[in-house]
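A short write-up of the structure that comes next.
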């Protein structure tokens, strides 16, 4: 039988467990891609933190542009093989960040990614090339079946 003080200690421990990554920013690109940024940072020694931002690039496969019947067939193949949504995950980390600098470093990682990658990710043909690459990857990674 648990003592009351032991039970309250257990409850306090359970309430401090982190639920999962914290969504900190969502960007919608002109070609329909959505980029979700989440924070998986942690303190690892004294005042030092590992700042980790995860960018999840989400493509709704039903939104692939249709210009011809070939595009319709491509979209059907993509949905049949990959499901309704394709997600690509990229991680950005910086180690040894002081507590006072965590927020600035997190924002800098996000801003740097958007500044350098958003032009590339926003291209009209990027959706098709992303899905095409994933379909090719899936077809070449089959094991005996």
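Quick note: the coordinates plus some simple rules give every number you see, no bench work behind them. Just so we're clear, the structure is a prediction, and the values are computed from it rather than from any experiment. Positions of Cβ are backbone-derived with ideal geometry, glycine not excepted, and every protein chain shown enters the neighbour counts.
Mind giving me the FRET efficiency for residue 31 and residue 103? R0 is 25 Å, r the Cβ-Cβ distance, nearest 0.05 is fine.
Numbers: r = 30 Å, r/R0 = 1.20.
Rounded to the nearest 0.05, the efficiency is 0.25.
For the stretch 49-130, the mean projected area of the C-alpha convex hull, equal to one quarter of the hull surface, is 6.2 nm².
So how much slack lies between residue 50 and residue 116, counting 0.36 nm per residue of separation and subtracting their Cα-Cα distance, in nm? Numbers along the way, then the final one.
Numbers: separation 66, 0.36 × 66 = 23.76 nm, distance 2.23 nm.
This chain segment gains 21.5 nm when fully extended.
The slack in the chain from residue 90 to residue 70, taken as 0.36 nm per residue of separation less the alpha-carbon distance, amounts to 4.2 nm. The alpha carbon radius of gyration of the stretch 76-115, expressed as a multiple of 2.2 N^0.38 Å, is 1.87.
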